[in-house]
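In what follows, a single structure is set out as structure tokens and then discussed.
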Amino acid sequence: VTVKPQSPRRNRLPLFAGLVVVGILVAIVAAVLVLNSKPALILSNGMVKVDRGMYKLGPNKEISKTLLEFWIDRHAVTNSEYAQFLSADTDQKSPGYWNGNSVPAGLAQNPVHGIAWDSAEKYCQSLGKRLPSEAEWEVAARGPNGFDFPWDTLS
């Protein structure tokens, strides 16, 4: 009878426990990154963040409303920017003051105006954005101090 010598048994519990701990740490880091993620940086390019908060709205600021954080473009859409959109979307009509589909001379960098709400919405969607709500527009227009007019301190 021959007896095969037994190899010493290794305790695999520390290895298993170490892998579990590493797995938990990876899951925690992934959860923190997802929960703390901000809107896409592309969307914030040229935009201003308006913080979540309670805002006074209306002509006499008689309505209080809580708004979630949102982003709004820093500048109005120019005729030139809108012309680029029209060249890609042939279903949209150009503003009435244009010469057909051409921006009038000297107005390329002026804000576009006289377009239908549906066209404005499609323009925003083409950029992965949306039109602001009435309340968001008012809060953005009043600025961080809630002024009635951007050039005055009346409130």
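The values are calculated or read from the model by the stated rules, or taken from the named source; none is laboratory data. Please read all numbers here as calculations on a predicted model, not as lab measurements. Every residue, glycine as well, gets a Cβ built from its backbone with ideal geometry; the counts of neighbours run over all protein chains shown. Remember, those area values only see protein heavy atoms, side chains included, never the ligands or the DNA or RNA. Shrake-Rupley method; radii C 1.70, N 1.55, O 1.52, S 1.80 Å.
Per residue, how much accessible area does the stretch 66-116 have with a 1.4 Å probe, in Å²?
Here the per-residue accessible area is 64 Å².
Assuming 0.36 nm per residue, please report the length gained on full extension of the stretch Ala120 to Thr78 beyond their Cα-Cα distance. Could the numbers behind the result be given before it?
Details: separation 42, 0.36 × 42 = 15.12 nm, distance 1.22 nm.
This chain segment gains 13.9 nm when fully extended.
What ³J(HN,Hα) values, in whole Hz, does the Karplus curve 6.51 cos²θ - 1.76 cosθ + 1.60 give for the stretch 93-109 when θ = phi - 60°, with x put for Gly and Pro?
9, 7, x, x, 7, 7, 8, x, 9, 9, 6, x, 4, x, 10, 4, 9
Can you list the residues, at least 5 places off or on another chain, whose amide H is less than 5 Å from the amide H of Met47, using H built in the peptide plane?
So Met47 has HN proximity to Arg74.
Suppose each label sits 7 Å from its Cα in the direction of the beta carbon; what would the Asn99-Thr66 distance come out to in nanometres?
Spacing of the two 7 Å Cα→Cβ label points: 5.5 nm.
Pop out the ³J(HN,Hα) list for the stretch 54-63 in order, Karplus 6.51 cos²θ - 1.76 cosθ + 1.60 with θ = phi - 60°, rounded to Hz; leave Gly and Pro as x.
Karplus-based 3J(HN,Hα) across the stretch 54-63 equals 8, 10, 8, 10, x, x, 10, 6, 8, 10 Hz.
For a quick check: with amide H placed at 1.01 Å from N, whose amide H comes under 5 Å from Val112's, ignoring anything fewer than 5 positions away on the same chain?
Result for Val112 returns Val77, Thr78, Asn79.
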